[in-house]
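The values are calculated or read from the model by the stated rules, or taken from the named source; none is laboratory data. All values reported here derive from a predicted model rather than from experimental measurement. Using ideal geometry, Cβ is built from the backbone for each residue, glycine included, and neighbour counts are taken over all protein chains shown.
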């Protein structure tokens, strides 16, 4: 039995941390100048990512000094430990490229899991002033009001979102899935922030989303989407080198794993799964 007081406190801490980090992200961008470093040929990190991570971690540590934290900008812990005890999964700025280029589709993503099972999710969009939140069994909310997935049932009326990885060795699979989605659905959007894509699916602005991403991209959003009534599933990828996040044995708990992820409204879930089975 999960401690309801723990979950309630974790939700409050996640909301507080996300808002504080989001305000810092806005302050840094509005000052007009910030440092940018490259993590790869396309992937980047800004001083805002690091400043927001510090704010989030410090806020969590004030209430939960012993909890494990998995963050995009921090060294990876032992993957086996992710399924043991309380775990925070954070992306201080999801959509860093959007942030750096002045776009509004940016999310501060904070998820909380116990023994590998997601329990709390908070995504704050600082440039939209929208706070998405959920805890297990309590519903999903946008700025305090309940949200639900769309009721769309016809694929040709559904709006789908996806994203593209910075490492594009698997470009063949990406293009095949995109072609299939464009052929079967109304249209496809590429907004550039996975956590926001999932939250937009949760509140009906999108009807489905798919991508192969990391735990910090999805842990919070999946909790919100699940509580909003979304169907969560996976697609297979015959073109991938191996079907796992950074590890051929994929020790990441399923509940926080972003590998080959599909999130959709129930009415088009089967159609989206079929479209992505290339």
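Numbers at a glance
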quantity: Selection count, region 127-144, where residues are part of a strand (DSSP E or B) and surrounded by fewer than 16 Cβ atoms within 10 Å (Cβ to Cβ); calculated: 0
quantity: Hits in region 209-229 - residues which are over 14 Å from the mean Cα position of the chain (by Cα) and on the phi < 0 side of the Ramachandran plot; calculated: 227, 228
quantity: Filtered residue count, region 185-215, keeping only those that are at pLDDT 95 or above and in a helix (DSSP H, G or I); calculated: 9
quantity: Residue count for region 165-182, restricted to those that are in contact (Cβ under 8 Å) with a residue 24 or more places away in the chain, out of contact with any strand residue (DSSP E or B) (no Cβ under 6 Å at 6 or more places or on another chain) and surrounded by 15 or more Cβ atoms within 10 Å (Cβ to Cβ); calculated: 5
quantity: 2 or more residues farther than 19 Å from residue 8 by Cβ: qualifying strands (runs of 3 or more DSSP E) within region 69-126; calculated: 86-94, 107-114
quantity: Failed condition for residue 149, given (1) in a loop (DSSP other than H, G, I, E, B); (2) in contact (Cβ under 8 Å) with a residue 24 or more places away in the chain; (3) surrounded by fewer than 24 Cβ atoms within 10 Å (Cβ to Cβ); calculated: (3)
quantity: Residue within region 245-267 that is surrounded by fewer than 24 Cβ atoms within 10 Å (Cβ to Cβ), assigned to a helix (DSSP H, G or I), over 16 Å from the mean Cα position of the chain (by Cα) and at pLDDT 95 or above present; calculated: yes
quantity: Any hit, region 202-209, residues being outside the structural domain of residue 69 (by TED's automatic domain parsing), buried (at least 23 other Cβ atoms within 10 Å of the Cβ) and out of contact with any strand residue (DSSP E or B) (no Cβ under 6 Å at 6 or more places or on another chain); calculated: no
quantity: Residue match in region 226-243 (condition: in a helix (DSSP H, G or I), assigned by TED's automatic domain parsing to the domain that holds residue 162 and modelled with pLDDT of 95 or more); calculated: yes
quantity: Region 61-75, subset in contact (Cβ under 8 Å) with a residue 24 or more places away in the chain and within 19 Å of the chain's Cα centre (by Cα), residue surrounded by the most Cβ atoms within 10 Å (Cβ to Cβ); calculated: 70
quantity: Test: residue 130 is modelled with pLDDT of 95 or more, assigned by TED's automatic domain parsing to the domain that holds residue 81 and within 30 Å of residue 251 (Cβ to Cβ); calculated: no
quantity: Among (1) modelled with pLDDT of 95 or more; (2) under 20 Å from residue 123 (Cβ atoms); (3) touching a strand residue (DSSP E or B) at 6+ places or on another chain (Cβ under 9 Å), the one test that residue 61 misses; calculated: (2)
quantity: Residues (farther than 24 Å from residue 6 by Cα and either touching a helix residue (DSSP H, G or I) at 6+ places or on another chain (Cβ under 8 Å) or modelled with pLDDT of 95 or more (or both)) located in region 73-91; calculated: 73, 74
